[in-house]
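The values are calculated or read from the model by the stated rules, or taken from the named source; none is laboratory data. Please read all numbers here as calculations on a predicted model, not as lab measurements. Quick reminder, even Gly has a Cβ in these numbers, built from the backbone with ideal geometry, and neighbours come from all protein chains shown.
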Amino acid sequence: MLSQVAVWENARSIRVVSNMPDLVSSPGGTRIANRAVWPCRAVWKDAIVFLTRSFGRCDVVLLYQPSHGLAAILGALRRLVPFWRCRFVVVDLIFTNPGTTLLGRLRAAVKRVCFRGIDRFLIFQKDVSAIRALYGIQPDQIRRISYFVKARGILHNIEVSEGGYVFSGGASRRDFKTFCLAMADLPCRGLLATPAPKVAAFHGTSLDERLVPSNVTVRRDIAQQSEWVNAIAGAKLVVITTHPDPVGGPGQTTYALAMALGKCVIITDSEVVRGLLVDGDNAILVPPSDPAALREAIRRAWEDDRLRHTIGTRAREYGLGLGGPDDFHSRVANEVVDLVQNGSGC
């Protein structure tokens, strides 16, 4: 069932159809009331339902993390149906590199046309040059929105300490090979948390356990959010190694949480952090796929208490400043209001 969301700004009703389940009130008098959740399942079925339910009944269609297929179909339908006048907003579309194969280029070309029917993409990374180049998205179509700490509501119950291990983990496009090679020659323990192989592979992550050194423990059983938070809270350092991807944004959930917990984070320098995290200030950035550089960064942060604590303090300020889910939903609501009141649309 579709979410029927009503937004009121200065007594004017802005009607929104959305699949976001947790919209809340935003600042400045904007009120959002959510009634039901619309699950993204069968792409064509969802597209038809969305199309028929939104005709004359909404001002904004708002999709959170849709598939590329659903976003493309709705964008194309909106361009083909001139009397479908509502605005179209996509939040956190997981962009992927189409590659250089003929099929990849053809898919990208189709999406370039379809995505013109979307008024606004809201994404988390600051560097969007590759996304714009690959998918033909115009400057007025794309806006950066701040990320958030998903577990913000339980942090006050978490005991933070400096245990004797380096934490690394996650599922999306992680480069665990570089982490394992870097840890092999270090006199400290490591905890590597990753889901089951099939789940990790679905998200572009693999782990060759033959490369795991004796000082690194692999855990695939951390399923609950509280367990994940506690594993990070008890680490002395947090390391996030990702595969270079100019259009993807892996690692945000982990680094936002670790920073909010006051951890010194060592993370791969990529588009997802460029312009947001500052090397030597609130994080330590290392080149991608460089075990030697990562090894030296871990050694330095492990041994230098002053460096680690200084970066951890600044990281905590940054992480807590991101807010939690409620803050994120308020930012989305503000973007919806801004688009309706000031946006030109497609």
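Residues that are within 25 Å of the chain's Cα centre (by Cα) and loosely packed, with under 15 Cβ neighbours inside 10 Å do not occur anywhere in the stretch 292-306. Residue count for the stretch 80-106 satisfying the condition of being basic (Lys, Arg) and either surrounded by 17 or more Cβ atoms within 10 Å (Cβ to Cβ) or assigned to a loop (DSSP other than H, G, I, E, B) (or both): 2.
Each row is one residue, and each column tells you yes or no for (1) farther than 18 Å from Val247 by Cβ; (2) assigned by TED's automatic domain parsing to the domain that holds Arg87; (3) touching a helix residue (DSSP H, G or I) at 6+ places or on another chain (Cβ under 6 Å).
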{"residue": "Gln141", "(1), (2), (3)": "no, yes, no"}
{"residue": "Val160", "(1), (2), (3)": "yes, no, yes"}
{"residue": "Arg173", "(1), (2), (3)": "no, no, no"}
{"residue": "Cys180", "(1), (2), (3)": "yes, no, yes"}
{"residue": "Met183", "(1), (2), (3)": "yes, no, no"}
{"residue": "Pro197", "(1), (2), (3)": "yes, no, no"}
{"residue": "Ala201", "(1), (2), (3)": "yes, no, no"}
{"residue": "Arg210", "(1), (2), (3)": "yes, no, no"}
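For the stretch 302-318, the criterion of a residue being touching a residue at least 60 places away in the same chain (Cβ under 8 Å) and within 24 Å of Phe176 (Cα to Cα) is satisfied by at least one position.
If you go through the stretch 193-213 one residue at a time, do you hit one that is in contact with a His (Cβ under 6 Å, 6 or more places away or on another chain) and among the basic types (Lys, Arg)?
No, the conditions are met nowhere in the stretch 193-213.
Only a single criterion out of (1) within 21 Å of the chain's Cα centre (by Cα); (2) outside any loop (DSSP other than H, G, I, E, B); (3) surrounded by fewer than 19 Cβ atoms within 10 Å (Cβ to Cβ) is not satisfied by Thr254, namely (3).
Within the bounds of the stretch 227-240, is there any residue that is within 15 Å of the chain's Cα centre (by Cα) and either part of a strand (DSSP E or B) or in contact (Cβ under 8 Å) with a residue 24 or more places away in the chain (or both)?
yes
Taking Ser168, is it part of a strand (DSSP E or B), in the same structural domain as Arg299 (by TED's automatic domain parsing) and of a type in the set (S, T, N, Q)? Considered against the rule, which asks whether it is part of a strand (DSSP E or B), in the same structural domain as Arg299 (by TED's automatic domain parsing) and of a type in the set (S, T, N, Q), Ser168 comes out as yes.
Checking each residue in the stretch 129-179 for being β-branched (Val, Ile, Thr) and in contact (Cβ under 8 Å) with a residue 60 or more places away in the chain picks out Ile131, Ile145, Val149, Ile154, Ile158, Val160, Val166, Thr178. Of everything in the stretch 241-270 that is without any contact (Cβ under 8 Å) to a residue 60 or more places away in the chain and hydrophobic (A, V, I, L, M, F, W, C), the residue that is farthest from Ala130 (Cα to Cα) is Cys264.
Let's see how each residue does on (1) in the same structural domain as Ala133 (by TED's automatic domain parsing); (2) at pLDDT 85 or above; (3) among the polar types (S, T, N, Q); (4) under 21 Å from Val336 (Cβ atoms):
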position	(1), (2), (3), (4)
Pro66	yes, no, no, yes
Ala76	yes, yes, no, no
Leu80	yes, no, no, no
Val90	yes, yes, no, yes
Asp119	yes, yes, no, yes
Leu122	yes, yes, no, yes
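Go through the stretch 182-224 and report how many residues are closer than 12 Å to Tyr165 by Cα and of a type in the set (Lys, Arg). Spell out how you get there, then give the answer.
We begin by selecting, within the stretch 182-224, every residue closer than 12 Å to Tyr165 by Cα; these are 183, 186-192, 215-217.
With the extra rule that they be of a type in the set (Lys, Arg), the set shrinks to 189.
So the answer is 1.
Cβ-Cβ contacts under 7 Å between residues 6 or more apart (or on different chains), taken from a first residue in the stretch 271-287 that is part of a loop (DSSP other than H, G, I, E, B) to a second residue that is buried (at least 20 other Cβ atoms within 10 Å of the Cβ) and of a type in the set (Lys, Arg), are absent.
Could you please find all residues in the stretch 271-285 being modelled with pLDDT of 90 or more and either closer than 23 Å to Arg132 by Cβ or among the hydrophobic types (A, V, I, L, M, F, W, C) (or both)? Step through it out loud before you land on a result.
Looking only at the stretch 271-285, we keep the residues that are modelled with pLDDT of 90 or more, and these are 276-285.
Result: Leu276, Leu277, Val278, Ala283, Ile284, Leu285.
The set of residues in the stretch 128-162 that are part of a helix (DSSP H, G or I) and under 23 Å from Ser270 (Cβ atoms) comprises Ser129, Ala130, Ile131, Arg132, Ala133, Leu134, Tyr135, Pro139, Gln141. Against the criterion of being within 19 Å of the chain's Cα centre (by Cα) and among the polar types (S, T, N, Q), Ser129 qualifies. Checking each residue in the stretch 175-210 for being touching a Lys or Arg at 6+ places or on another chain (Cβ under 6 Å) and assigned to a helix (DSSP H, G or I) picks out only Ala182. So which residues in the stretch 195-217 are polar (S, T, N, Q), at pLDDT below 90 and either buried (at least 16 other Cβ atoms within 10 Å of the Cβ) or under 22 Å from Arg300 (Cα atoms) (or both)? Across the stretch 195-217, the qualifying residue is only Thr205.
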